[in-house]
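The values are calculated or read from the model by the stated rules, or taken from the named source; none is laboratory data. Bear in mind that the values here come from a model prediction, so they are computed numbers and not experimental data. Here Cβ is always computed from backbone atoms with ideal geometry, including for glycine, and neighbour counts include all displayed protein chains. All accessible areas refer to the heavy atoms of the entire protein, side chains included, with ligands and DNA or RNA removed. Shrake-Rupley method; radii C 1.70, N 1.55, O 1.52, S 1.80 Å.
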Amino acid sequence: MAKIIGGLTTSHIPAIGNAIARNKQDDPYWKGFFAGYPPVQKWLDKHKPDVAVVIYNDHGLNFFLDKMPTFAIGAAHEYHNADEGWGLPTMAPYTGDAALSWHIIERMVEDEFDITSCQEILVDHGFTVPMQLFWPDRGPHMPRVIPVSANTVQHPIPTIKRCLDFGKSLGRAIESWPEDIKVVVLGTGGLSHQLDGERAGHINKKFDLMCMDKIVTDPEALTKISRHELIREAGSQGSEFIMWMMMRGALSAKVKKIHQNYSIPISNTGAGTMILENVD
Ligand code: DHB
Ligand code: FE
């Protein structure tokens, strides 16, 4: 049967993609941030997952405010990236696993989650930047991918509890797939940031570190945070933390934290990276 080996988190800021494109990893500004990734790359090299389920949010490349699914899952053989205007090089397509995608969609709909199935979906920086950070060489062990998109943009966004429950259902769906494959689940985005309005530049280190702690030890406690409170504490784009909760739900109740890094500010964001290994 398919086995979820663990979860990874990372922020997905376009400026990171620019730093990679311009080889700025050793610049003083970037050094501490990029130092958070070799431990993840080593962990991935050791475990070699066959599939990465990538939970991210679309920022207007594929879905816009006129049509915004709360939860969408890719069911394509291949996922293309396109220019969003950030000046980032466009990435080569990523290979999907359409059969596993459809299995997940069917199981989750049976489980009463209303999924938008996408046989064609463009992936933006929310997807490509984490892929570049975790698999910089796109070598022979590059996993197949399944994009899972959440609405973090157009209110009403889903509640934190709904996102944790979504992850639990996603985890059950993955682990009911009969092939003996290893799966890693990525929660991208966050942590605190606000790109617009009077509070532009808002970062809340205390709140970010509390979230990074509780997501390991007591994710249920985080479901008590309302969406208004999340935006108040973490900023308007800090809503992206809900995708970390979706990832966490897919893991076992008890997880082992293997690695953590937190850098501020990276562009406008509190940038958090974690490896959580499943304990069964
Ligand atoms: C930034 C962060 C994001 O999550 C994003 O999608 C775009 C920009 C930033 O900090 O600049
Ligand atoms: Fe974002």
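The fraction of accessible area contributed by carbon and sulfur in segment 3-278 is 51 percent, rounded to a whole number (1.4 Å probe; ligands and nucleic acids excluded).
Per residue, segment 3-278 exposes 42 Å² of solvent-accessible protein surface, assessed with a 1.4 angstrom probe and all protein chains in place. Across the protein chains, with a 1.4 Å probe defining accessible surface, the residues SER149, SER226 rank SER226, SER149 from largest area downward.
Between ASP280 and GLU175, what length comes free when the chain is fully extended (0.36 nm per residue of separation minus the Cα-Cα distance, one decimal in nm)?
Values: separation 105, 0.36 × 105 = 37.80 nm, distance 1.28 nm.
The ASP280-GLU175 span can extend by a further 36.5 nm.
Take the Cα of ASN23, go 7 Å toward its beta carbon, and none of the backbone nitrogen atoms of segment 68-93 fall under 13 Å from that spot. Length available on full extension from ALA253 to ASP218: 0.36 nm per residue minus the Cα-Cα distance, which gives 11.7 nm. Remark: accessible surface ordering of GLU240, GLU198, GLU233 (largest first) is GLU198, GLU233, GLU240, probe radius 1.4 Å. Each Lys and Arg adds +1 at its Cβ and each Asp and Glu adds -1 at its Cβ; summed about the Cα centre, the chain shows a dipole of about 900 debye. Cα convex hull, segment 1-66: 135 Å³ per residue, rounded to a whole number. Note on LYS48: accessible area is roughly 80 Å² with a 1.4 Å probe, heavy atoms of protein only. Mean sequence separation of contacting Cα pairs (under 8 Å, at least six apart), scaled by the length of the chain, corresponds to a relative contact order of 31 percent.
Grab the DSSP H runs of the chain that are 4 residues or longer, score each as -39,500 (n - 2.57), total them, divide by all residues and round the 222 nm result to the nearest 500 deg cm²/dmol. Each step should come with its number before you reach the end.
Numbers: 10 runs with 98 residues, N = 280.
Here the helix-only value at 222 nm equals -10000 deg cm²/dmol.
Projecting the Cα positions of TYR37, CYS118, GLY17 onto the charge dipole of segment 1-127 (unit charges on Cβ atoms of Lys, Arg, Asp and Glu, taken about the Cα centre) puts TYR37 furthest along the positive direction.
Accessible-area rank, largest first, for TYR94, TYR29: TYR29, TYR94, with all protein chains present and a 1.4 angstrom probe.
The dipole here belongs to segment 221-280: it is taken about the Cα centre, uses +1 on the Cβ of Lys and Arg and -1 on the Cβ of Asp and Glu, and is about 140 debye. Taking every C-alpha pair closer than 8 Å and separated by at least 6 residues, the mean separation divided by the residue count of segment 215-280 gives a relative contact order of 30 percent. Of the GluC sites (Glu not before Pro) found in segment 36-118, those in coil by DSSP whose Cβ has at most 10 other Cβ atoms within 10 Å are GLU112. D by Stokes-Einstein for the chain, Kirkwood Rh over Cα pairs, 4 °C, 1.567 mPa s: 70 µm²/s. Under 19 Å from a label point set 7 Å out along the Cα-to-Cβ vector of ASP111, the amide N atoms of segment 226-259 belong to 242-255.
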